[in-house]
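First comes the structure, then the notes that go with it.
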Amino acid sequence: MTILCEHPPAFGVELEEKNIPVDHDGQENELVLDGGFVVPDTNSFGHTFRWDLVLKEEVKWILNYTVTQDYDIESERQTGVEEFYRTNHINQTYGFVKRMREEYGKLNRVEMSIWECCELLNEFIDESDPDLDEPQIEHLLQTAEAIRKDYPNEDWLHLTGLIHDLGKVLLHPAFGELPQWAVVGDTFPVGCAFDESIVHHKYFTENPDCNNSAYNSKYGVYSEGCGLDRVFMSWGHDDYMYLVAKENKTTLPSAGLFIIRYHSFYALHRAGAYRHLMNEEDVENLKWLKIFNKYDLYSKSKVRVDVEKVKPYYLSLIEKYFPAKLRW
């Protein structure tokens, strides 16, 4: 999963201004700050505080210091993300994607189970995602468990939440140790015009396909309503895991495969771009993708999942929908 914040939010200490209630005697009641901390009227020695002055000066210093520090860190991070997309947009061409699909579609690198892949992925952090600094397995389980809570009867969706990012093993030496720009980040169709809703669209001007008349029109090499399964997407973990699941004969419903392949396709499910290439099945599956995306985006938290506790449940789903060993 990948989401980018074009305009960094304000950082630092947030204080909400509250009116100080007055009791029946005309005296101000205790001042309560966010977080439940009660500001006393006097200190331990019985001296009265001028909280209005103290707080203004202290908060001013804290805000100035914290915002400066956080802004510098966030600015550096955003610069790194933008450079990532510059490289990505220059190199993700129709020819490159075709070569990657042919090479990795052979599935001749490793044989392992889904759970073994989950453990292997635990070594990596997605550099394109400014919101995710935990190992990948944490995000996978947070996503899956959040879906499981709200959709207890859709076990295929729970499993999809667990496996949707497993294609990021492309970062591993056993899978060619591909650069991050060829593994993660927002995805988009190649072989037709790059829609302006794609993040950091300006860098596509350096992509050779922009000057190729075969690829730079609205439809390019495709036709109206051809179906997204006929469209080449920028190469990365989404398309790779889709190939792995499909070629290993998963019994997940088509909506599960759709989610795996297009969960980073934000130009479609956030901006509504490329709908002219969709068929009726895509339209139906998009409804499930939009449900899934709420959990993919907002389940990133510091609440740890007890892996050993939930592992038996997910192993049972893996057994239901996948073979014991998969070709990768």
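From the backbone phi of the range 256-270, what are the Karplus-calculated ³J(HN,Hα) couplings (6.51 cos²θ - 1.76 cosθ + 1.60, θ = phi - 60°) in whole Hz, Gly and Pro given as x?
x, 5, 4, 4, 4, 6, 10, 5, 9, 8, 5, 4, 7, 8, 10
Of the listed pairs K106/K320; K290/K311; K106/K294; K218/K290; K202/K246; K294/K325, which have alpha-carbon separations greater than 28 Å here?
Distance filter (> 28 Å) returns K106/K294; K202/K246; K294/K325.
Starting from the Kirkwood radius over alpha-carbon pairs of the range 223-297, derive D by Stokes-Einstein at 37 °C in a medium of 0.692 mPa s and give it in µm² s⁻¹. It would help to have the intermediate numbers written out before the result.
On the way: Rh = 12.6 Å.
Translational diffusion coefficient: 261 µm²/s.
Could you give log10 I(q)/I(0) at q = 0.12, 0.14, 0.24, 0.25 Å⁻¹ for the range 175-248, computed by the Debye formula over C-alpha point scatterers of equal weight, without solvent?
Here log10 of I(q) over I(0) equals -0.38, -0.52, -1.22, -1.26.
Just to confirm the filter: which trypsin sites (Lys or Arg not before Pro) across the range 269-328 are DSSP coil and have at most 10 other Cβ within 10 angstrom of their Cβ?
For trypsin sites (Lys or Arg not before Pro) across the range 269-328 that sit outside H, G, I, E and B with at most 10 neighbouring Cβ atoms in 10 Å, the list reads K302, R304.
Since every read-out is calculated from the coordinates, none of them should be taken as a lab result. Every value quoted in this text rests on a predicted model; they were computed, and no experiment measured them. As a convention, Cβ positions derive from the backbone with ideal geometry for all residues, glycine included, and neighbour counts pool all protein chains shown.
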